[in-house]
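J.: I am attaching a structure below and will ask some questions about it afterwards.
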Ligand code: SF4
Ligand code: SF4
Ligand code: SF4
């Protein structure tokens, strides 16, 4: 349990959910708005009941899925005193992405992550790979991160839904 988290995604110059170092920004908080308006006060970090927010680049908030999953409770967004969060938008468009380090690719049987997903967005497919593979339903995935912390090898990263579809993953 709790393997090394691999956060994914490309750093975008234009908004997006990822900081330059690839860390995930909090729900309803884009990289562009954090750059424009975040004062690194830490209020959102302290407000998260799941304690999954931590200080990232220059003290700005990032999500650490190795600490737990996002429940989309909105506490971080409501606590922030600056115009960083936009509760009128969707929280984010993140999708889980199983990377090549998945144990199934090495012929080791595993399906731990599927059990963690309440949305049943991760499905074990016995027909793929050496001993099976994990298929992702991008429409069902909320990007909550519950799966990521359970993977023993940190094989679950996150990408924008658009990127996921472009990759044809
Ligand atoms: S929505 Fe709730 S659980 Fe998710 S990061 Fe914000 S405070 Fe934490
Ligand atoms: S991020 Fe959440 S909804 Fe998506 S696959 Fe992982 S556990 Fe399921
Ligand atoms: S928990 Fe990790 S290693 Fe196991 S099947 Fe899921 S992605 Fe692969």
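Computed from the coordinates by the stated procedures, all read-outs in this text should not be read as laboratory data. Computed from a predicted model, the values in this text were never measured in an experiment.
J.: Mind telling me which of 77, 69, 106 comes out most flexible in a GNM of the chain, alpha-carbon contacts under 10 Å?
T.: The residue with the greatest mean-square fluctuation here is 106.
J.: Taking the chain as a Gaussian network, Cα atoms linked when under 10 Å apart, which of 29, 59, 16 shows the biggest mean-square fluctuation?
T.: Comparing 29, 59, 16 in the GNM, the peak value goes to 59.
J.: Under the rule of -39500 (n - 2.57) per DSSP H run of 4 or more residues, summed and divided by the residues of the chain, what mean residue ellipticity at 222 nm is obtained, to the nearest 500 deg cm²/dmol?
T.: Calculated at 222 nm, the ellipticity per residue is -4000 deg cm²/dmol.
J.: Considering the chain as a Gaussian network with a 10 Å cut-off on Cα pairs, which listed residue, 51, 19, 146, attains the greatest mean-square fluctuation?
T.: So, out of 51, 19, 146, the one fluctuating most is 51.
J.: Please report the relative contact order for the chain, taking Cα pairs under 8 Å with a sequence separation of at least 6, and give it as a percent rounded to a whole number.
T.: 28
J.: Kirkwood hydrodynamic radius, the range 13-157, all distinct C-alpha pairs: what's the number in Å?
T.: Taking every pair of different Cα atoms in the range 13-157, averaging 1/r and inverting gives 16.0 Å.
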